[in-house]
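Written out below as structure tokens is the structure these notes cover.
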Amino acid sequence: METEQHIQVGGRTAAQISDEVLRRFATTPDVRLRLLMEDLVSRLHSFAIDNSLTVDEWRAGVEFLTAVGKRCSPERQEMILLSDTLGLSMVVDALGGVSASGNATESTVLGPFYKEGSPEREMGASIAESTDAKQPTFVRGKVLDESGNPVGGATLDVWQNAPNGRYALQDPGQPAGNLRGVFRTGVDGRFSFWTVRPTDYQIPDDGPVGVMLAATGRHPWRPAHIHLKVSAPGMRTLTTHFFDGESRYLESDAVFGVKPSLVCSFVRHDPGEPGTPKGCDGWWYSLERDVVLARDSV
Ligand code: BEZ
Ligand code: FE
């Protein structure tokens, strides 16, 4: 019996076409590019052959990728969202190498809501610019190297969503700098800022990626988190999250970004407890977490 590979297509089998395509890539001058192209093409062909892909299915795939591309704009990166929801971003993250001692803070996805140029803020200031700052939360910790020494002159770029689940970047109803801020550590490596407790939220699912999630029975939720990008001279830049340990989506993050070491406790404090911020007359929360940076291996 004929196998799929041996089915004749215009006088040639699928396997013969595949071999011919691979031969054309064999002269790629850049060795790494050649390797990646040959492997990608060979796996794509195997995918089609092994699954007996029909022309209609192939066309649906092409239309889907076209729709993903068309949905991209300066404000929206649907292609990265596709990579995130397919788990590819986190697979590449996992290949990023571990630090020398293995105790550096782990990284996770950057996500589409990072934008350079967040307001520079005084240490201890609030990143919440809107007046309905619910569930005030004090975040503090130290930036350390892998030997436990404080890292001075570190830059912490932080951003998160508002109580309505949306980031300032996607919500014209918020001030542009709301829940975004850049902080610089002093010699003691300490950092602190006020914010509001982040909420679980849905990734943008009104585009082709949302169609893919719905068609495959997947939900679009991410567990609540605060984003951080931490850099310092001589250290490897870290992109990470502080996840809220009480979120119900820790086990099923739509973009697979949760690592157990990044799950934090938001501790609830009584009104009027020592350290209660001025004007805060209800419950408030604190989150304490150090950030350990690996040395830049040049
Ligand atoms: C986010 O955390 O903001 C995010 C990450 C990946 C995809 C969508 C959103
Ligand atoms: Fe996020």
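The values are calculated or read from the model by the stated rules, or taken from the named source; none is laboratory data. Model, not experiment: these values are computed from the prediction. Here the Cβ positions follow ideal geometry from the backbone for every residue, glycine too, while neighbour counts run over all protein chains shown. Please note that ligands, DNA and RNA were not included when accessible areas were found on the heavy atoms of the full protein model with its side chains. Shrake-Rupley method; radii C 1.70, N 1.55, O 1.52, S 1.80 Å.
What to note about this one:
- Computed from point charges on the beta carbon alone (+1 for Lys and Arg, -1 for Asp and Glu), the dipole magnitude for region 4-53 about its Cα centre is near 160 Debye.
- Estimated FRET transfer efficiency when R0 is 30 angstrom, pair ARG32-LEU88 (beta carbons, to 0.05): 0.95
- Residue of GLY61, GLY69, GLY279 that the Gaussian network model of the chain assigns the largest fluctuation, springs spanning Cα pairs under 10 Å: GLY279
- Positive dipole terminus of region 87-293, leading residue within GLY141, ALA224, ALA254 (C-beta point charges): GLY141
- For the chain, the alpha-carbon coordinates run over 82, 42, 32 Å along the three principal axes, in decreasing order.
- Taken along the Cα-to-beta-carbon direction at a fixed 7 Å, the label points for LYS115 and VAL55 span 4.6 nm.
- The antiparallel fraction among DSSP beta bridges confined to the chain stands at about 75%.
- Ligands, DNA and RNA left out, the accessible area of region 98-186 computed with a 1.4 Å probe is 49% carbon and sulfur.
- Qualifying trypsin sites (Lys or Arg not before Pro) in region 109-178, DSSP loop, other Cβ atoms within 10 Å at most 15: LYS115, LYS134
- Residue-count net charge about VAL255 - beta-carbon cut-off 14 Å; Lys, Arg +1, Asp, Glu -1: -4
- Straight-distance crosslink candidates among aspartates and glutamates, where the alpha carbon sits under 13 Å from LYS259 and sequence neighbours closer than 8 are dropped: ASP93, GLU106, ASP244, GLU251
- Taking ASP19, ASP93, ASP171 as the candidate residues, the one with maximal mean-square fluctuation in a Gaussian network model of the chain, Cα springs under 10 Å, is ASP19.
- Computed magnitude of the charge dipole of the chain (debye, nearest 20; Cβ of K, R +1, Cβ of D, E -1): 520 debye
- By the equivalent-ellipsoid construction on the alpha carbon gyration tensor, region 4-53 comes out with semi-axes of 23, 13, 5 Å, ordered largest to smallest.
- Under the simplified labelling scheme, the PHE64-SER261 pair shows an inter-label distance of 3.4 nm, with each label point 7 Å from Cα along Cα→Cβ.
- The fraction of accessible area contributed by carbon and sulfur in region 4-53 is 57 percent, rounded to a whole number (1.4 Å probe; ligands and nucleic acids excluded).
- Over the chain, Cα pairs under 8 Å with separation of 6+ residues give a relative contact order of 20 percent.
- Accessible area in square angstrom per residue, the chain, 1.4 angstrom probe: 56 Å²
- Degrees, to the nearest 10: 55-70 long Cα axis against longest axis of the chain: 30 degrees
- Given 11 as the ceiling on other Cβ atoms within 10 Å, longest exposed-site-free region of the chain for GluC sites (Glu not before Pro) in DSSP loops: 123-250
- P(r) weight above 23 Å for region 130-256, C-alpha pairs, percent: 42 percent
- Förster-model FRET efficiency, 45 Å R0, MET123 and ARG248, C-beta, rounded to 0.05: 0.85
- Too-long pairs where the Cα-Cα distance tops 18 Å, listed order kept, from LYS134/LYS229; LYS115/LYS229; LYS229/LYS278: LYS134/LYS229; LYS229/LYS278
- Within a Gaussian network of the chain (alpha carbon springs, distance under 10 Å), most fluctuating of VAL151, VAL139, VAL211: VAL211
- In a fully extended conformation the segment linking ARG268 and ARG43 would gain 75.9 nm over its present Cα-Cα distance, using 0.36 nm per residue.
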